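Read-outs: derived from the displayed coordinates by stated rules, not from any lab. A quick note: this is a predicted structure, and the numbers were derived from the prediction, not measured. Cβ placement follows ideal geometry from the backbone for every residue including glycine, while neighbour counts extend to all protein chains displayed.
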Amino acid sequence: MKLIFMGTPDFAVKSLEKLVNSSHEVLAVVTQPDRMRDKCKVSFSPVKEFALKHGIKVLQYEKVSKEGIEDIVALSPDCIITVAFGQMLSKEFLAIAPFGVVNVHASLLPKYRGSSPIQWAVINGEKETGITIMKTAYEMDSGDIIVQKKVKILPSETSGELFDRLSVLGGETLMLALSQIEQGIAVYTKQNHSEMTYFPMLKKESGIIDFSKSSQSIQCFILGMTPWPTAYTYLNKKIIKVFKASKADGIGLAGEVLKADSKNGLVVATGDGALLLEVIQPENGKKMNSKDYLLGHKISLGEILGG
RNA sequence: CGCGGGGUAGAGCAGUGGUAGCUCGUCGGGCUCAUAACCCGGAGGUCGUGUGGUUCAAGUCCCGCCCCCGCAA
């Protein structure tokens with residue numbers, strides 16, 4: 001089939017890679033404008049990087065549903081694929097291709113609608129999640145399901161690690177769905193909308209740790225926020241990122257520093273016990289073990305993290 | 001040319017223009033039934049880089065370059 005691929009981050013690249021190495025023809029790639037800056041250089045989105053490397057035409061619009069419609073229609077694709085694209089599509093746009101717009105979503109719909117399904121699944125301590133391939137409908141993540149695959153979430157798996165696994169599975173599952181569509185044997189199953197859950201897009205500020213919660217849920221929170229947007233707290237008004245924590249003994253006010261020395265590491269009280277913050281990153285510092293951090297920084301006991 | 005912090009011992013950090021320091025680790029010794037404990041002693045640095053500038057004197061001030069990081073996207 002003749003396809004147009006729309007996506008932006010690394011997650012989408014795996015699917016694009018599958019398509020490029022298949023019998024399908026990728027007419028063009030649509031990705032977000034190059035507004036991402038890294039240091040002094042302008043860096044392209046991962047999807048754009050990949051497309052350029054493989055000589056695929058790249059199109060970029062602030063709103064593809066408005067500015068891009070004519071270009072897309074002119075290419076007359078059989079089907080349009082979206083993977084973590086980051087723009088809402090108009091009804092008019094959804095009707096361009098004969099087979100419509102097919103989306104790869106990283107959750108078991110109708111659960112975890114929204115743009116950060118992987119992180120939220122980890123944050124909520126889910127045991128499993130998956131990939132859903134659906135035909136995009138106007139309402140966010142509400143389209144009919146074509147194929148769905150489950151995966152287990154491993155204990156102490158971070159969002160980043162799960163991202164990697166799901167991006168591969170996403171590509172494979174997409175291929176399966178496309179071949180079904182091509183052969184005309186695809187079954188479109190309506191979602192049970194009464195069971196739907198929706199979680200908002202994560203922002204930088206979403207990463208602040210609430211130490212009044214249970215140790216368990218804070219651990220899930222940290223895993224879910226890693227590597228982005230990153231769980232963090234404040235110490236002396238400076239941000240301290242937390243990458244890894246394990247349960248420890250102790251009790252105190254939420255966020256209270258119970259231990260802080262290079263032998264024990266940094267132990268902080270939570271709502272139902274305490275956590276040892278193992279791997280942290282101070283502002284302007286590298287990621288390091290909290291024990292190393294404490295060799296050069298003194299934290300007095302009883303200090304409250306956060307706020 | 002987006003804003004900002006930083007590169008000093010194996011690790012993490014101090015260091016007001018004037019002998020290079022602290023905590024931990026490490027090595028040796030001591031005390032212990034014993035120790036991640038305690039005591040004594042030692043090793044380990046051309047202070048990111050430049051046959052750069054200022055100075056009687058630069059880790060410290062100025063200039064260039066390299067690298068790391070935070071914020072913002």
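Local charge sum around residue A:268 (other residues, Cβ-Cβ under 11 Å, Lys/Arg +1, Asp/Glu -1)? List each step's numbers first, then the result.
Details: positive: A:259; negative: A:256, A:303.
With Lys, Arg at +1 and Asp, Glu at -1, the neighbours total -1.
Take each of the peptides A:223-229, A:246-252, A:74-80, average the number of other beta-carbon atoms within 10 Å over its residues, and list them starting from the highest.
A:223-229, A:74-80, A:246-252
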Neighbour-count ranking for A:193, A:24, A:297, A:105 (other C-beta within 10 angstrom, fewest to most) reads A:193, A:297, A:24, A:105
Measuring from its Cα centre, the range A:1-158 shows a charge dipole (+1 at each Lys and Arg Cβ, -1 at each Asp and Glu Cβ) which, in debye to the nearest 20, is 340
Checking rank on A:12-22, A:82-92, with mean other Cβ inside 10 Å and highest first, the result is A:12-22, A:82-92
Between residue A:70 and residue A:52, the two model label points (7 Å from Cα along the beta-carbon direction) sit apart by a distance in nm of 2.6
Over its alpha-carbon atoms, chain A yields an Rg and a Dmax in Å of 22.2, 68
Taking only the alpha-carbon atoms of the range A:23-107, the convex hull volume per residue, in cubic angstrom, is 120
For residue A:194 and residue A:128, extending 7 Å from Cα along the Cα-Cβ vector and measuring point to point gives, in nm, a value of 2.3
So residue A:212 and residue A:161, fully extended at 0.36 nm per residue minus their Cα-Cα distance, gain in nm 15.7 nm
With R₀ set to 51 angstrom, the calculated FRET efficiency between the beta-carbons of residue A:237 and residue A:154, to the nearest 0.05, is 0.90
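Is the shape of the range A:1-146 rounded, prolate or oblate, going by the alpha carbon gyration tensor and its root eigenvalues a ≥ b ≥ c, with a/c under 1.5 for rounded and a/b larger than b/c for prolate?
Working: a/c = 1.57, a/b = 1.18, b/c = 1.33.
Since a/c reaches 1.5 but b/c is at least a/b, the shape of the range A:1-146 is classed as oblate.
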Of the residues A:125, A:5, A:269, the Cα lying farthest along the dipole of chain A towards its positive end, which is defined by charges on the beta carbon of Lys, Arg, Asp and Glu, belongs to A:269
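Summing +1 for each Lys or Arg and -1 for each Asp or Glu, what net charge is found among the other residues whose Cβ lies under 14 Å from the Cβ of residue A:152?
Details: positive: A:127, A:149, A:150, A:165; negative: A:126, A:128, A:157, A:161.
Overall, the nearby charge balance is 0.
If we count other beta carbons within 10 Å of each Cβ, what is the order of A:288, A:1, fewest first? Write out the running numbers ahead of the final one.
Numbers: A:288 16, A:1 19.
Lowest to highest Cβ neighbour count: A:288, A:1.
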Whole-Å distance linking the alpha carbon centroid of the range A:56-107 with that of the range A:191-231 is 29
Restricting to Cα pairs under 8 Å and 6 or more apart, the percent relative contact order of chain A works out to 13
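Can you give the charge dipole size of chain A about its Cα centre, rounded to the nearest 20 debye, using +1 on the beta carbon of Lys and Arg and -1 on the beta carbon of Asp and Glu?
With Lys and Arg at +1 and Asp and Glu at -1, about 640 debye.
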Among A:29, A:215, A:167, the residue whose Cα sits farthest towards the positive end of the charge dipole of chain A, when +1 is placed on the Cβ of each Lys and Arg and -1 on the Cβ of each Asp and Glu, is A:215
As straight-line cross-link partners of residue A:66, the qualifying aspartates and glutamates (C-alpha separation under 12 Å, not fewer than 8 residues apart within one chain) are A:92
Pseudo-spin-label distance residue A:205 to residue A:140, built 7 Å along Cα→Cβ, given in nm, is 1.7
Quick note on A:152, A:111, A:298, ordering by fewest other C-beta atoms within 10 Å, gives A:298, A:152, A:111
